[in-house]
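The values are calculated or read from the model by the stated rules, or taken from the named source; none is laboratory data. These numbers were taken from a predicted model, which means no experiment stands behind them. Positions of Cβ are generated from backbone atoms using ideal geometry, with glycine treated the same way; all protein chains shown enter the neighbour counts.
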Ligand SMILES: [Zn+2]
């Protein structure tokens, strides 16, 4: 049965590494460190991509974009997201809205909320009001709180198009 709605959840984490860019939702954030990874390590785009794939029950980002695949080396992660959106469209679904949380101790991200939302909304062809990005710290607790990593959670709702 083709459901009128499908919901998906995504989670991702990347290690913090000096000398790497910090890219969140396709936006480069000024920072003395960034995130380690095979691709551009855009943890936010990865979590949203996984949420879209999850809504479709099509596995996870590692299945579609294995880090052994040379064609994705250094890939901009917005490409992963757009590929997942295309898989949704192929299945007859479109993204209704996205809600994501980025958990990072520093730098402070609040000034980047609008650019990140605008970048994601523009890439996905969604109104700004359909893309929510929230920022939290881990209150100095655990690997995120100790500045070792960044985490992101995302939920996506698909509707039958
Ligand atoms: Zn990732």
* To do: Mind listing whichever residues of segment 61-75 are modelled with pLDDT of 90 or more and more than 10 Å from the ligand (Cβ to nearest atom)?
  => 63, 64
* Asked: Would you pick out the residues in segment 7-21 that are within 13 Å of the chain's Cα centre (by Cα) and more than 14 Å from residue 144 (Cβ to Cβ)?
  -> 8, 9, 10
* **Number of the condition not met by residue 154 [criteria: (1) outside any helix (DSSP H, G or I); (2) in contact with a helix residue (DSSP H, G or I) (Cβ under 8 Å, 6 or more places away or on another chain); (3) surrounded by fewer than 20 Cβ atoms within 10 Å (Cβ to Cβ)]** => (3)
* To do: Tally the residues that are in contact with a helix residue (DSSP H, G or I) (Cβ under 6 Å, 6 or more places away or on another chain) and not in a helix (DSSP H, G or I), restricting the search to segment 61-94.
  => 1
* Residue satisfying condition, being touching a residue at least 12 places away in the same chain (Cβ under 8 Å), more than 16 Å from the ligand (Cβ to nearest atom) and under 16 Å from the mean Cα position of the chain (by Cα), within set 95, 78, 103 -> 95
* Structure fact -> Residue pairs qualifying under the 8 Å Cβ cut-off, at least six apart or on distinct chains, with the first in segment 1-29 being farther than 14 Å from residue 49 by Cα and the second being in a strand (DSSP E or B) and modelled with pLDDT under 95, are none
* Structure fact -> Quick count over segment 118-151, residues being under 16 Å from residue 108 (Cβ atoms), more than 16 Å from the chain's Cα centre (by Cα) and not in a loop (DSSP other than H, G, I, E, B), is 2
* Asked: Quick one: residue 130 ticks every box in (1) closer than 21 Å to residue 5 by Cβ; (2) crowded, with 18+ Cβ neighbours inside 10 Å bar one, so which box is it?
  -> (2)
